[in-house]
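The structure appears below as structure tokens.
Coordinate-derived values only; no laboratory data. Model, not experiment: these values are computed from the prediction. With ideal geometry, Cβ positions are generated from the backbone for all residues, glycine too; neighbour counts draw on all protein chains shown.
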Amino acid sequence: MKSLKSYRRITVKIGSALLVDRATGLKRDWLTSLAEDIAVLANAGAEVLVVSSGAIALGRTILGLGKRALKLEESQAAAAVGQIALAGAWSDALGRDGLKSGQILLTLGDTEERRRYLNARATISTLLKMKAVPVINENDTVATSEIRYGDNDRLAARVATMMGADLLVLLSDIDGLYTAPPAKDPQAKFIPVVDRITPDIEAMAGAAASELSRGGMRTKLDAGKIANAAGTAMIITAGTRLSPLMAIERGERATFFNPSANPVKGYKTWIAGQLEPAGRLTVDAGAVGALKSGKSLLPAGVKLVSGNFSRGDTVAILSPEGREIARGLVAYDAADAVRIAGLKTAEIENVLGYEARSAMIHRDDLVVSGAAN
């Protein structure tokens with residue numbers, strides 16, 4: 001694993017349990033040590049972005065809400081209190097090392113809707129040009145279960161790929177990936193390097209290890225797939241010790257995920273990183289071969305349409321075995337896609353009653369898993 005100082009742009013994600021103690025609140029000594037690490041990297045020429053969880057957990061502590069389950073509006077109120085405290089803490093910690101910072105609160109649409117994605121990217125890029133550290137979190141004051149990232153691991157991966165980071169660091173309460181959850185299986189073996197996240201690798205993931213965090217190893221592997229596709233390397237390591245980034249520099253245990261050798265670029269990075277496809281198209285073996293050869297997806301190759309999507313939405317393309325092989329922007333809404341699935345191009349106009357596109361998904365709007373685009 002090469003030095004962190006060799007990376008040009010680094011996104012660091014911090015989980016709630018690392019930042020907030022349930023009894024005492026913010027872990028200021030730990031935050032100070034992390035800010036010092038960020039300053040070391042900044043002084044070495046790296047641009048650092050922070051994705052910081054902790055608003056709800058901190059607000060819960062400040063408001064004295066205890067351990068009980070919170071209603072949606074209580075979580076949102078806790079986030080409102082926690083966000084202002086968290087932003088101030090980051091500003092103070094980074095300011096001690098001469099670094100400016102700016103808070104960015106995102107909702108799902110800010111990365112999933114193209115125009116808002118470009119606007120968010122421009123804002124964060126401007127902060128970096130101004131030598132300020134972007135401190136990013138989901139806007140939990142307005143997010144609901146239907147329109148949220150669900151965890152900051154995937155948000156961090158989305159931010160990293162949106163901003164063209166060459167490294168994503170997930171600071172966690174576990175020091176890397178194991179063949180099984182080590183707390184449950186004493187025979188679990190540590191995995192230092194992952195070249196590709198395969199179904200076997202995904203099967204190793206367990207549930208979240210902390211009540212304060214929503215994410216677990218499974219969401220970290222989801223983040224790894226998003227990062228990998230865009231050519232961003234990823235590290236999972238323990239953030240529980242002081243100065244966790246410099247611990248990586250010292251060679252402390254961490255799992256390194258290699259980036260794809262054939263990453264997607266530009267517009268297709270946005271398509272590949274979409275968190276939740278609006279629908280799914282199951283295709284035949286012939287279509288699988290055509291897609292891997294760089295061709296568009298034609299209606300003739302589509303065997304099953306599922307989901308309630310609109311034209312222009314991102315859909316997943318599944319092989320006959322049900323494995324996701326690609327994602328793309330669909331040229332038809334779900335109702336019309338169902339009507340023309342399996343038809344030859346010449347038959348589409350007769351069925352729909354108008355001259356339509358020949359491709360269900362054009363190759364320019366298509367990203368095939370593991371392929372250069």
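Structure values in brief
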{"quantity": "Label zone at Val193 (point 7 Å along Cα-to-Cβ), backbone N below 15 Å, the stretch 1-26", "calculated": "1-3"}
{"quantity": "Estimated vicinal HN-Hα couplings, Hz - the stretch 277-294 in sequence order (Karplus 6.51, -1.76, 1.60; Gly, Pro = x)", "calculated": "x, 6, x, 9, 10, 8, 10, 8, 4, x, 5, 4, x, 5, 5, 5, 8, x"}
{"quantity": "Rounded tilt (10° steps) of 114-129 against the dominant C-alpha axis of the chain", "calculated": "30 degrees"}
{"quantity": "Net lengthening on full extension, Ala356/Ala23 (0.36 nm per residue, minus Cα-Cα)", "calculated": "113.7 nm"}
{"quantity": "Between the stretch 119-192 and the stretch 12-72, the alpha-carbon center distance in angstrom", "calculated": "13 Å"}
{"quantity": "Net charge of Cβ neighbours under 15 Å - reference Leu127; Lys, Arg +1; Asp, Glu -1", "calculated": "+3"}
{"quantity": "Zero-based 10 Å bins, Cα pair distances in the stretch 277-368, whole percents", "calculated": "19, 58, 22, 1"}
{"quantity": "Cα-only radius of gyration and Dmax that characterise the chain, units Å", "calculated": "21.8, 69"}
{"quantity": "Sites Ala122 and Tyr267, calculated FRET efficiency, Cβ-Cβ separation with R0 22 Å, nearest 0.05", "calculated": "0.90"}
{"quantity": "Relative contact order (percent, whole number), the stretch 277-368, Cα cutoff 8 Å, 6+ residue spacing", "calculated": "34 percent"}
{"quantity": "Around Pro181: net Lys/Arg minus Asp/Glu count, Cβ-Cβ under 15 Å", "calculated": "0"}
{"quantity": "Under 11 Å, Cβ to Cβ, from Arg363 - net charge with Lys/Arg +1 and Asp/Glu -1", "calculated": "0"}
{"quantity": "Amide H contacts of Ser101 (H built 1.01 Å from N, under 5 Å, at least 5 apart or other chain)", "calculated": "Val133"}
{"quantity": "Length released on extending from Ala183 to Leu343, taking residue separation times 0.36 nm less the Cα-Cα span", "calculated": "52.4 nm"}
{"quantity": "Average Cα contact separation per residue, the chain, under 8 Å, 6 or more apart, as relative contact order %", "calculated": "14 percent"}
{"quantity": "Partner lysines for Lys303 [C-alpha distance under 21 Å; skip if fewer than 8 residues away on the same chain]", "calculated": "Lys292, Lys295, Lys344"}
{"quantity": "Rounded tilt (10° steps) of 72-95 against the dominant C-alpha axis of the chain", "calculated": "60 degrees"}
{"quantity": "Using alpha-carbon coordinates, inclination of helix 28-43 to the longest axis of the chain, degrees", "calculated": "70 degrees"}
{"quantity": "Residue-span extension gain [Arg9 to Lys71] - 0.36 nm each, minus C-alpha spacing", "calculated": "18.5 nm"}
